[in-house]
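The values are calculated or read from the model by the stated rules, or taken from the named source; none is laboratory data. Note that the coordinates shown come from a computational prediction; the quantities given were computed from them, not determined experimentally. Cβ atoms come from the backbone with ideal geometry, glycine included; neighbour counts cover every protein chain shown. Areas reflect the complete protein model, heavy atoms only, side chains present, ligands, DNA and RNA absent. Shrake-Rupley method; radii C 1.70, N 1.55, O 1.52, S 1.80 Å.
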Amino acid sequence: MQLIAMVVASPNPVRNEKILAIDLPMIDLSADRSEVGKLIVRACEEYGFFKVINHGVPEGVIAEMEQESVNFFEKPLAEKQRAGPANPFGYGCKNIGFNGDMGEVEFLLLHTNPLSIAQRSKSISNDPSKFGSAMNNYIRAVRELACEILDLMAEGLWVRDPSYFSKMIRDVENDSFFRINHYPSCCNNNTTRVGFGEHSDPQILTILRSNDVGGLQISPDHGVWIPVAPDPAAFCVNVGDVLQAMTNGRFVSVRHRALSDSSQSRMSMAYFGAPALQARVSAPPEMVTTNRPSLYRPFTWAEYKATAYSLSLGDNRLDLFINC
Ligand code: GA4
């Protein structure tokens, strides 16, 4: 992978950090399976992030979910607040989590369980069954994509059970979330502010799609920020903490953030594939060798999630699970 240039100057109240330009690996899922597996493994080891095209999620399914999201954020604040506050599910504005984190963002955070979707839709849309069916169709399609990618990872890593990772999010009790973020434009004064602060995703895998406004930045090295070019034709995929643990540290759950642009509004939709609460997270035997002894102690997703919610957004939580 190539780091291209160093661009620093910008009318930017976000500190003048080192900003590098990069093209994330673009992986064509319709290419030869074993090649795709190798490319995904390399991307997850180097950057924890990659983009996929020919992903199989129908354009219409994406367009409907996006339209429902636009309809929601266009509503007057008082109506949106009927779907809130986010504790953690529902409509949230500026407040992130429960420990004082804030950003220039409004969002809907939802559980992906169909019963929960049906229940929540009532306070989100004037046509709850339309919202519910758009979301169910979207979740079904991106979950399938996530499972396919997790199977390709297992194959690329030579894990004997190719469904070792994907079976966790195929479990009917999976605790996967869906988040729709809206970073509103404000004032055309050409500044950027932090929309969603630096963090890693706690889950297994995140499948993100955004409109054609940039803002996502990744930080594979401390203090270095790499902007990810927006690409509505692709999904951006990233490794979460649980997958870092399940690959015994071979894949990296990279810290990232979203900046909000004062003159253009950005919307992104993120599916966070997670295990069932009681599922036990541990690396398969193939990932543990004498040269690479077991890095993390086994834990349940419930335990990990509780730790995440007890800390701040930017805190490192996976280090708390390192084997002594
Ligand atoms: C980051 C990834 C997902 O957006 C999220 C976030 C969650 C929340 O907003 O409720 C958390 C954050 C995220 C990590 C640490 C905790 C939990 C806010 C926060 C301070 C939905 C998730 O699963 O973890």
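Of all lysines in the structure, those lying under 21 Å Cα to Cα from Lys305, and not within fewer than 8 positions of it along the same chain, are Lys167. Only aspartates and glutamates eight or more places from Lys94 in sequence, or on another chain, were considered; those with a Cα closer than 20 Å are Glu74, Glu79, Glu104, Glu106, Glu198, Asp201, Asp261, Asp315. Among 172-181, 126-135, 53-62, the peptide with the highest mean count of other Cβ atoms within 10 Å heads the list, and the full ranking is 172-181, 126-135, 53-62.
Cysteines in the chain that lack a partner Cβ within the 4.7 Å cut-off: Cys44, Cys93, Cys147, Cys236, Cys324. Note on Arg292 and Gln278: the extension gain reaches 2.4 nm, defined as 0.36 nm multiplied by sequence separation minus the Cα-Cα distance.
3J(HN,Hα) along the range 252-264, derived from phi through the Karplus expression 6.51 cos²θ - 1.76 cosθ + 1.60 where θ = phi - 60°, amounts to 10, 8, 8, 6, 8, 7, 10, 9, 10, 9, 5, 9, 10 Hz, with x in place of Gly and Pro.
Each Lys or Arg adds one and each Asp or Glu takes one away; over the other residues whose Cβ falls under 14 Å from the Cβ of Tyr309, this sums to -4. Converting phi to 3J(HN,Hα) with the Karplus coefficients 6.51, -1.76 and 1.60 and the offset θ = phi - 60°, the range 315-322 yields 5, 8, 9, 5, 4, 5, 10, 5 Hz in sequence order, with x at every glycine or proline.
Scattering from the range 176-274 was approximated by placing one identical point on each alpha carbon and applying the Debye formula without solvent; log10 I(q)/I(0) at 0.11, 0.20, 0.22, 0.25 1/Å stands at -0.33, -1.01, -1.18, -1.39.
Between Leu311 and Ser116, the FRET efficiency from the beta-carbon distance, with R0 = 30 Å, is close to 0.75. Rolling a 1.4 Å probe over the protein heavy atoms of the range 56-206, with every protein chain left in place, gives an accessible area that is 52 percent carbon and sulfur. Taking H as built 1.01 Å from N, whose amide H comes closer than 5 Å to the amide H of Gln203, not counting residues under 5 places away? Amide H neighbours of Gln203, under 5 Å, 5+ apart: Asp241, Val242. When the Cα gyration tensor is reduced to axis lengths a ≥ b ≥ c, the ratio a/c is 1.5 or higher for the range 216-304, and with a/b above b/c it is classed as prolate. Put simply, the amide H of Phe299, placed in the peptide plane, has neighbours under 5 Å in Val281, leaving out anything fewer than 5 places away on its chain.
Distance between the 7 Å Cα→Cβ label points at Leu77 and Arg140: 3.8 nm. Packing, taken as the mean count of other beta carbons within 10 Å per residue, orders the peptides 246-253, 37-44, 77-84 from highest to lowest as 246-253, 37-44, 77-84.
Per-residue Karplus couplings for the range 83-91, computed as 6.51 cos²θ - 1.76 cosθ + 1.60 with θ equal to phi - 60°, are listed in order as 8, x, x, 7, 9, x, 8, x, 8 Hz, Gly and Pro entered as x.
Take the alpha-carbon centre of the range 42-61, take the same for the range 160-211, and report the distance between them in whole Å. For the range 42-61 versus the range 160-211, the Cα centre distance is 13 Å.
The GNM of the chain, with springs linking C-alpha atoms under 10 angstrom apart, assigns the highest mean-square fluctuation among Cys147, Cys186, Cys93 to Cys186. The orientation-averaged projection of the convex hull spanning the C-alpha atoms of the chain amounts to 16.2 square nanometres.
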